[in-house]
Amino acid sequence: MRFLKVVLASCLGYILAAVVIFGIFFFMIAGIASSAKPEVNIPTNGVLNMKLNYPIVDRIQDNNPFAALAAFDPSTQLPIGLNDILQSIDEAKKDDKIKGIILDLTTFSSGYAKLTEIRNKLEEFKESGKFVYAYADYYYYPTYYMASVADSIFVNPEGQMSFTGMVAQVTFLTGALEKLGVKMQVVRAGKFKGAVEAYTRKDLSPENRKQIEVYINSVFNETLVKISQARGLSIDKLKEDADKLEMKSVQDFIAGGYIDAAVYRDQFYSAMKVRMGVDDNQKVPLISEQKYAKSLGTQGSGSKRIAVVYANGDIVGGKGDGTQIAADDMAATLKKVRLDDKIKAVVFRIDSRGGSSLASDIIWREAKLLAAEKPLIVSMSDVAASGGYYIATPALKIVAEPTTITGSIGVFGLIPNASELLKDKIGLDFEFVGTSKHSDIGRIDRDLTEEERAYIESIIDKIYDTFLSRVAEGRKMTKEEVHEIAQGRVWTGVMAKEVGLVDELGGLEDAIKIAAEEAELTEFKIKEYPKAIDPIQVLIRKMNGDASLQTQIKELTKHTGFESYSKYLIDLERFGTKHSVQAMMPYDITVKNYSLR
């Protein structure tokens with residue numbers, strides 16, 4: 001018997017050792033794969049075929065070891081970030097092997113600021129004399145906005161086009177919470193701070209409706225200007241067509257000047273070959289933007305560097321898993337670039353609706369220390385609002401696209417009272433034994449007392465006052481001037497420039513140029529931060545229970561059909577955290593698409 005135990009124990013030990021060795025070997029191979037650069041041959045007379053059929057983010061930072069291994073295969077088509085997309089278009093403009101670009105558009109997921117940056121880069125590409133053609137089975141507003149930059153726009157003869165404008169959708173959970181027996185108690189600073197309304201109202205407040213109408217029309221007008229210039233259609237006509245819904249068929253849009261021709265895909269390729277001056281029976285190699293990006297090297301030259309620090313996602317405390325802006329991780333990154341003597345300037349690229357006010361202040365502190373030693377330029381992506389604006393305030397200059405959503409300078413706290421759910425519907429009872437009168441403040445089974453509410457309001461007001469001070473210091477304004485344009489109000493980039501919250505209108509590359517000018521650099525390399533979290537580190541954090549609950553919620557909703565509601569569940573989880581004060585933008589702009597498929 002003893003012999004059997006020894007044998008089984010030895011076998012188990014060998015098995016565990018084999019698993020550990022295999023795991024280490026696997027992650028080592030993944031690491032090598034992620035750092036290796038596969039050879040990609042670009043044929044002559046090639047055409048860059050851009051589909052953009054994936055969510056567009058500023059930078060892909062995939063720490064999944066399986067993705068790293070897949071990337072080692074040159075034929076793999078993994079998503080790439082905006083940084084790689086812009087570099088690919090820029091290099092293709094100078095590449096004699098690339099004769100033109102196809103925008104093969106069906107659908108993609110992106111905010112209008114990123115789409116504008118890509119579109120602007122395509123306008124620069126056309127200056128080379130090379131062509132840009134667009135094709136899709138159907139167009140809706142974002143894809144048509146992108147397609148309008150093309151020399152010619154084609155559509156499937158049996159396809160369709162929807163040109164009905166833009167809409168901002170706000171989902172209200174108050175009725176559902178009432179049925180569950182949960183009441184949300186709100187304390188906020190700023191009359192426009194609409195983040196709480198989804199949990200406390202069943203409709204928009206007049207102030208919130210006003211700001212949504214203003215900024216969504218600002219985004220709409222900015223995109224209409226681009227379409228008008230490209231297609232030679234007046235803005236008044238574009239707005240009239242969107243309102244009347246008189247154009248229903250593809251032929252209507254061709255007659256209206258929106259589309260050039262309705263052709264099948266093989267006919268589209270024939271038209272492209274005519275433009276290239278090649279025979280119709282000759283094959284033209286199409287190169288995806290993902291494959292082309294793999295062939296590109298590091299941007300710039302020389303020993304001096306400009307760091308581009310990407311801050312994407314909600315702002316949270318502690319360490320993150322790569323899907324958020326985690327205060328400890330981001331502060332460490334900013335400190336690292338500050339102490340690196342080779343880095344002469346920094347571009348802080350922000351795409352965030354905000355989050356924890358305390359985490360925002362921790363990041364602000366490191367950004368301020370950095371700005372005291374090196375030129376710090378902020379580049380705003382689709383959204384840099386609330387906490388996302390807070391961390392931008394130390395910058396020497398702030399650059400935003402006209403369609404960027406920013407501002408939302410305000411703070412709030414939500415304290416749930418679920419007594420009806422817990423006691424009356426589930427049957428749970430609680431007793432608390434504390435040392436002081438208010439030891440149990442923030443209990444989930446009772447309302448706040450007037451004294452407790454006043455106490456929390458004083459905390460919120462103090463944090464809001466600090467927020468105003470940070471903005472006033474960074475923007476060279478008085479707190480009174482900041483308060484007039486703050487109070488949680490949301491602005492577009494073009495509006496924010498008018499009120500003094502933004503210095504320049506432009507994209508990431510414009511911010512890099514400004515950083516180079518401020519540092520007096522003519523030659524420099526671009527170095528991107530933060531480095532991807534090592535897959536082994538991610539695994540260790542998950543084993544230690546450090547995996548983000550937000551990530552778990554996203555994964556759960558992805559597989560249960562409720563992915564579009566994950567944001568609200570994440571917000572409820574965050575708001576329910578005791579003493580959690582948030583500096584967060586209320587909602588996202590969405591586009592309603594109606595497609596007969």
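The values are calculated or read from the model by the stated rules, or taken from the named source; none is laboratory data. Keep in mind the model is a prediction, meaning the values are calculated, not measured. Virtual Cβ from ideal backbone geometry, glycine too; neighbours counted across all protein chains shown.
In a loop (DSSP other than H, G, I, E, B) and either at pLDDT 90 or above or surrounded by 12 or more Cβ atoms within 10 Å (Cβ to Cβ) (or both): does that describe R453?
On the way: in a loop (DSSP other than H, G, I, E, B): no; either at pLDDT 90 or above or surrounded by 12 or more Cβ atoms within 10 Å (Cβ to Cβ) (or both): yes.
Taking the combined requirement at face value, the residue does not satisfy it.
Six or more apart or on different chains, Cβ atoms under 6 Å: show the pairs whose first residue is in the range 269-282 and buried (at least 16 other Cβ atoms within 10 Å of the Cβ) and whose second is part of a loop (DSSP other than H, G, I, E, B).
K273/D280
Just one of D260, D279, D321 is farther than 30 Å from T164 by Cα, touching a Ser or Thr at 6+ places or on another chain (Cβ under 8 Å) and of a type in the set (D, E, K, R); which is it?
Numbers: D260 fails: farther than 30 Å from T164 by Cα; D279 fails: touching a Ser or Thr at 6+ places or on another chain (Cβ under 8 Å).
One residue alone meets the criteria, D321.
Mind checking which residues of the range 172-184 are surrounded by 12 or more Cβ atoms within 10 Å (Cβ to Cβ) and either among the β-branched types (V, I, T) or farther than 16 Å from L204 by Cβ (or both)? Steps first, please.
We begin by selecting, within the range 172-184, every residue surrounded by 12 or more Cβ atoms within 10 Å (Cβ to Cβ); these are 172-174, 176-178, 180-184.
Within the range 172-184, T174, A176, L177, E178, L180, G181, V182, K183, M184 meet the criteria.
Based on what the data block shows, is V337 within 22 Å of I526 (Cα to Cα), part of a strand (DSSP E or B), touching a strand residue (DSSP E or B) at 6+ places or on another chain (Cβ under 8 Å) and among the hydrophobic types (A, V, I, L, M, F, W, C)?
On the way: within 22 Å of I526 (Cα to Cα): yes; part of a strand (DSSP E or B): no; touching a strand residue (DSSP E or B) at 6+ places or on another chain (Cβ under 8 Å): yes; among the hydrophobic types (A, V, I, L, M, F, W, C): yes.
Taking the combined requirement at face value, the residue does not satisfy it.
Please verify whether G427 is surrounded by 12 or more Cβ atoms within 10 Å (Cβ to Cβ), part of a loop (DSSP other than H, G, I, E, B) and on the phi > 0 side of the Ramachandran plot, treating the condition exactly as stated. Steps first, answer last, please.
Numbers: surrounded by 12 or more Cβ atoms within 10 Å (Cβ to Cβ): no; part of a loop (DSSP other than H, G, I, E, B): yes; on the phi > 0 side of the Ramachandran plot: yes.
Considered against the rule, which asks whether it is surrounded by 12 or more Cβ atoms within 10 Å (Cβ to Cβ), part of a loop (DSSP other than H, G, I, E, B) and on the phi > 0 side of the Ramachandran plot, G427 comes out as no.
Among the numbered criteria (1) surrounded by fewer than 24 Cβ atoms within 10 Å (Cβ to Cβ); (2) in contact with a Gly (Cβ under 7 Å, 6 or more places away or on another chain), which single criterion is violated by L396?
Status for L396: all satisfied but (2).
Inside the range 371-419, counting only strands (runs of 3 or more DSSP E) that do not spill past its ends, which hold 1 or more residues that are among the basic types (K, R)? Show your work before the answer.
Working: elements: 376-385, 397-400, 405-407, 411-417.
Output list reads 397-400.
Scan (1) in a loop (DSSP other than H, G, I, E, B); (2) touching a Pro at 6+ places or on another chain (Cβ under 9 Å) for the single condition L296 breaks and write down its number.
(2)
Step by step: first the residues of the range 464-483, then only those that are part of a helix (DSSP H, G or I) and among the basic types (K, R), then the one that is farthest from Y389 (Cα to Cα). Which residue is that? Before you say what the answer is, go through the steps one by one.
So the first thing to find is which residues in the range 464-483 are part of a helix (DSSP H, G or I), and the list is 464-475, 479-483.
Within this subset, residues satisfying the condition of being among the basic types (K, R) are 470, 475, 479.
Numbers: R470: 10, R475: 12, K479: 16 Å.
The extreme case among them is K479.
Inside the range 240-258, can you point out the residues that are crowded, with 17+ Cβ neighbours inside 10 Å, more than 14 Å from Y139 (Cα to Cα) and without any contact (Cβ under 8 Å) to a residue 40 or more places away in the chain?
Selection gives G256 alone.
Would you say A113 is without any contact (Cβ under 8 Å) to a residue 60 or more places away in the chain and closer than 23 Å to M166 by Cα?
Working: without any contact (Cβ under 8 Å) to a residue 60 or more places away in the chain: no; closer than 23 Å to M166 by Cα: yes.
Considered against the rule, which asks whether it is without any contact (Cβ under 8 Å) to a residue 60 or more places away in the chain and closer than 23 Å to M166 by Cα, A113 comes out as no.
Do you know which of the residues in the range 122-141 that are in contact with a Ser or Thr (Cβ under 9 Å, 6 or more places away or on another chain) and not aromatic (F, W, Y) is farthest from S162 (Cα to Cα)? Before you say what the answer is, go through the steps one by one.
Start the filter on the range 122-141 by keeping residues that are in contact with a Ser or Thr (Cβ under 9 Å, 6 or more places away or on another chain), which leaves 131-134, 136-141.
Next cut, not aromatic (F, W, Y) only: 132, 134, 136-137.
On the way: V132: 22, A134: 16, A136: 12, D137: 12 Å.
Within the range 122-141, the match that is farthest from S162 (Cα to Cα) is V132.
Name the strands (runs of 3 or more DSSP E) wholly inside the range 128-214 in which the number of residues that are β-branched (V, I, T) is 2 or more.
Values: elements: 131-139, 152-161, 183-189.
Because the criterion is at least 2 residues that are β-branched (V, I, T), the strands (runs of 3 or more DSSP E) in the range 128-214 that meet it are 152-161, 183-189.
With the requirement that a residue be more than 14 Å from G388 (Cα to Cα), part of a helix (DSSP H, G or I) and not β-branched (V, I, T), what does the range 484-495 give you?
Listed by number, the residues that qualify are E484, M495.
Among residues belonging to the range 301-316 that are over 19 Å from the mean Cα position of the chain (by Cα) and surrounded by fewer than 24 Cβ atoms within 10 Å (Cβ to Cβ), point out the one that is nearest to E366 (Cα to Cα).
Initial filter on the range 301-316 (over 19 Å from the mean Cα position of the chain (by Cα)): 301-307.
Of the ones still in play, those that are also surrounded by fewer than 24 Cβ atoms within 10 Å (Cβ to Cβ) are 301-305.
Numbers: S301: 28, G302: 27, S303: 25, K304: 22, R305: 20 Å.
Residue satisfying both the conditions and the ranking: R305.
Is it the case, given these coordinates, that Y390 is within 19 Å of T333 (Cα to Cα) and under 36 Å from the mean Cα position of the chain (by Cα)?
On the way: within 19 Å of T333 (Cα to Cα): yes; under 36 Å from the mean Cα position of the chain (by Cα): yes.
Yes: the conditions hold for Y390.
Quick one: what pairs do we get from the range 461-489, first residue under 15 Å from A395 (Cα atoms), second in a helix (DSSP H, G or I) and of a type in the set (D, E, K, R), C-beta under 7 Å, 6+ apart or different chains?
Within 7 Å, the pairs are S469/K479; A472/K479.
Go through (1) over 25 Å from T223 (Cβ atoms); (2) free of Cβ contacts under 8 Å to residues at least 40 places away in the same chain; (3) crowded, with 19+ Cβ neighbours inside 10 Å one by one and return the number of the condition D341 breaks.
(3)
With the structure loaded, tell me whether E523 is outside the structural domain of A400 (by TED's automatic domain parsing) and either more than 21 Å from V399 (Cβ to Cβ) or assigned to a loop (DSSP other than H, G, I, E, B) (or both) or whether it fails that test. Spell out how you get there, then give the answer.
On the way: outside the structural domain of A400 (by TED's automatic domain parsing): no; either more than 21 Å from V399 (Cβ to Cβ) or assigned to a loop (DSSP other than H, G, I, E, B) (or both): yes.
No.
Quick one: is S109 touching a strand residue (DSSP E or B) at 6+ places or on another chain (Cβ under 6 Å), within 22 Å of L508 (Cα to Cα) and of a type in the set (S, T, Y)? Please lay out each step first, then the result.
Working: touching a strand residue (DSSP E or B) at 6+ places or on another chain (Cβ under 6 Å): yes; within 22 Å of L508 (Cα to Cα): yes; of a type in the set (S, T, Y): yes.
Criteria met by S109.
Pick from S270, S295, S249: which is more than 30 Å from the chain's Cα centre (by Cα), more than 30 Å from M166 (Cβ to Cβ) and small (G, A, S)? Lay out the reasoning, then the answer.
Working: S295 fails: more than 30 Å from the chain's Cα centre (by Cα); S249 fails: more than 30 Å from M166 (Cβ to Cβ).
It is S270.
For the range 340-370, what are the residues that are acidic (D, E) and outside any strand (DSSP E or B)? Reasoning before the result, please.
The initial filter retains those residues of the range 340-370 that are acidic (D, E), namely 340-341, 351, 361, 366.
Matches in the range 340-370: D340, D341, D361, E366.
State whether the residues of the range 123-138 include one that is farther than 20 Å from I85 by Cβ and in contact (Cβ under 8 Å) with a residue 60 or more places away in the chain.
Just the residues of the range 123-138 that are farther than 20 Å from I85 by Cβ, to begin with: 129, 137-138.
Applying the additional criterion that residues be in contact (Cβ under 8 Å) with a residue 60 or more places away in the chain yields 138.
Yes; the residues of the range 123-138 include at least one that is farther than 20 Å from I85 by Cβ and in contact (Cβ under 8 Å) with a residue 60 or more places away in the chain.
For G320, are the conditions met, namely being part of a loop (DSSP other than H, G, I, E, B) and in contact (Cβ under 8 Å) with a residue 24 or more places away in the chain?
On the way: part of a loop (DSSP other than H, G, I, E, B): yes; in contact (Cβ under 8 Å) with a residue 24 or more places away in the chain: yes.
So G320 passes the test.
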